[in-house]
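What follows is a set of notes on a single structure, which appears directly below.
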């Protein structure tokens with residue numbers, strides 16, 4: 001599925017919000033201790049800059065550390 005509508009963008013924002021909530025207390029290990037959510041957003045952005053517009057791929061980029069690094073289960077992910 002390619003990003004082709006406002007509905008797709010809404011789904012992407014829903015995933016980003018879900019990941020941001022789940023990673024809210026995490027910080028990167030950089031000097032500035034930036035919010036962890038910057039990493040998955042950055043990965044998704046790199047994919048878009050590279051021409052990737054597949055909705056599922058971009059959702060996976062946003063969620064790729066959520067189960068590994070938080071107490072989230074696969075069953076909770078609905079976006």
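The values are calculated or read from the model by the stated rules, or taken from the named source; none is laboratory data. Just so it is clear, the structure is predicted and the values come from calculations on it, not from any experiment. All Cβ positions, even for glycine, are placed from backbone atoms using ideal geometry, and neighbour counts span all protein chains on display.
Scanning region 19-64 for residues that are under 19 Å from residue 76 (Cα atoms) and surrounded by 18 or more Cβ atoms within 10 Å (Cβ to Cβ) yields 19, 22, 23, 37, 40, 55, 58, 59, 61, 62, 63.
Residue 73: touching a helix residue (DSSP H, G or I) at 6+ places or on another chain (Cβ under 8 Å) and exposed (fewer than 15 other Cβ atoms within 10 Å of the Cβ), yes or no? So residue 73 passes the test. Only a single criterion out of (1) out of contact with any strand residue (DSSP E or B) (no Cβ under 8 Å at 6 or more places or on another chain); (2) touching a residue at least 12 places away in the same chain (Cβ under 8 Å); (3) farther than 18 Å from residue 3 by Cα is not satisfied by residue 23, namely (1).
Residues of region 26-45 that are in contact with a helix residue (DSSP H, G or I) (Cβ under 6 Å, 6 or more places away or on another chain) and either within 22 Å of residue 7 (Cβ to Cβ) or without any contact (Cβ under 8 Å) to a residue 12 or more places away in the chain (or both): 40, 44. Name every residue in region 46-70 that is assigned to a loop (DSSP other than H, G, I, E, B), touching a residue at least 12 places away in the same chain (Cβ under 8 Å) and over 13 Å from residue 36 (Cα atoms), in order of residue number. Across region 46-70, the qualifying residue is only 53. Of the set (1) over 15 Å from the mean Cα position of the chain (by Cα); (2) on the phi < 0 side of the Ramachandran plot; (3) modelled with pLDDT under 90, all apply to residue 33 but (2). Residues being surrounded by fewer than 18 Cβ atoms within 10 Å (Cβ to Cβ), free of Cβ contacts under 8 Å to residues at least 40 places away in the same chain and closer than 18 Å to residue 76 by Cβ are entirely absent from region 3-12.
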